[in-house]
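Quick notes on the structure that follows.
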Amino acid sequence: MKPATLVLLLSLFVSLFAFSSGASDAGTHPAAAAVQPPLSAGEFDWRDIVPYLFAAATLPGEQGLKAVLENSKVLRVYLVGELRAECNRDTNLCAALSDPPRLQAQVTRRIDDIVHEEFYRRHGAAIVEYSLARQPFPFSDIAAIRSENRQDACLILAFPDRSYTAADLQAQYGPPYDTNIFQWYTVFKYRLESPRYTSKAMFEVDPIDGAVLKVAINLTTRKLKKHP
């Protein structure tokens, strides 16, 4: 991992939980995201990952990160594209591509390998970062972070092509409940509230052209009050 990337991730991780203090109730976790044709940035909905961030926040580091990444529609769709590109070198893989259950199993196996190979700990956090290098694709990097000192979890995605804008963001989610203005970017903040946890999505936006650059989705669990 590049040092600059690490600094960015860790600084964002710290700032996220400094901001956080909210998400709809997870209930029963839905099944793993179905593999679908290549998606657009606007088809991504940060709220879909909230149940898996809740699971990650209550599981040990590596297990928690698996819970997030194995259920990330973005990562699953991307890996289907990678598997298709590798098909001409592996006839067994080609056969799997036409069999949805086998394809799902291949994708899950690939994600397990990513977690195993890219997992590391730094400054009280368990981290997996993976570059979505095969472009064009709506995202260029994905990272999952699990605090080892608190029941907090985070997913970060980078948008590479500047085609998804603040106008698109607000058309999809409505106006943010809050914004923060920094020297180089503006943060649009959205949240969901639950008695069990708090979840926030923070979209980094270029103030010059309105392009969305990154999104960081964090979740912090809440202690349930004991009734007498």
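The values are calculated or read from the model by the stated rules, or taken from the named source; none is laboratory data. From a predicted model like this one, the values you see are computed outputs, not experimental measurements. Note that we place each Cβ from the backbone using ideal geometry, even for glycine, and neighbour counts take in every protein chain shown.
Pull up the range 120-145, narrow it to residues that are within 12 Å of the chain's Cα centre (by Cα) and charged (D, E, K, R), then point me to the one that is farthest from Leu79 (Cα to Cα).
Glu129
All but one of (1) touching a helix residue (DSSP H, G or I) at 6+ places or on another chain (Cβ under 9 Å); (2) assigned to a helix (DSSP H, G or I); (3) more than 30 Å from Ala211 (Cα to Cα) hold for Val80; state the number of the condition that does not hold.
With respect to (1) touching a helix residue (DSSP H, G or I) at 6+ places or on another chain (Cβ under 9 Å); (2) assigned to a helix (DSSP H, G or I); (3) more than 30 Å from Ala211 (Cα to Cα), Val80 is out only on (3).
Quick check on Ser163: is it within 16 Å of Leu53 (Cα to Cα) and modelled with pLDDT under 95?
No: the conditions fail for Ser163.
How do the strands (runs of 3 or more DSSP E) wholly within the range 140-202 filter down when requiring 1 or more residues that are crowded, with 18+ Cβ neighbours inside 10 Å: which remain?
Because the criterion is at least 1 residues that are crowded, with 18+ Cβ neighbours inside 10 Å, the strands (runs of 3 or more DSSP E) in the range 140-202 that meet it are 141-147, 152-158, 186-193.
Can you confirm whether Glu86 is assigned to a helix (DSSP H, G or I), modelled with pLDDT of 70 or more, touching a Leu at 6+ places or on another chain (Cβ under 8 Å) and not hydrophobic (A, V, I, L, M, F, W, C)?
Spelling it out, Glu86 is indeed assigned to a helix (DSSP H, G or I), modelled with pLDDT of 70 or more, touching a Leu at 6+ places or on another chain (Cβ under 8 Å) and not hydrophobic (A, V, I, L, M, F, W, C).
Output the number of residues of the range 111-138 satisfying the condition of being under 22 Å from Ala67 (Cβ atoms) and surrounded by 18 or more Cβ atoms within 10 Å (Cβ to Cβ).
10
Name the single residue, out of those in the range 203-217 being assigned to a strand (DSSP E or B) and of a type in the set (Gly, Ala, Ser), that is surrounded by the most Cβ atoms within 10 Å (Cβ to Cβ).
If we take residues in the range 203-217 being assigned to a strand (DSSP E or B) and of a type in the set (Gly, Ala, Ser), then Ala216 is surrounded by the most Cβ atoms within 10 Å (Cβ to Cβ).
Can you name every residue in the range 82-107 that is crowded, with 16+ Cβ neighbours inside 10 Å and either under 22 Å from Lys66 (Cα atoms) or touching a Gly at 6+ places or on another chain (Cβ under 7 Å) (or both)?
Within the range 82-107, Leu83, Leu103, Gln104, Gln106, Val107 meet the criteria.
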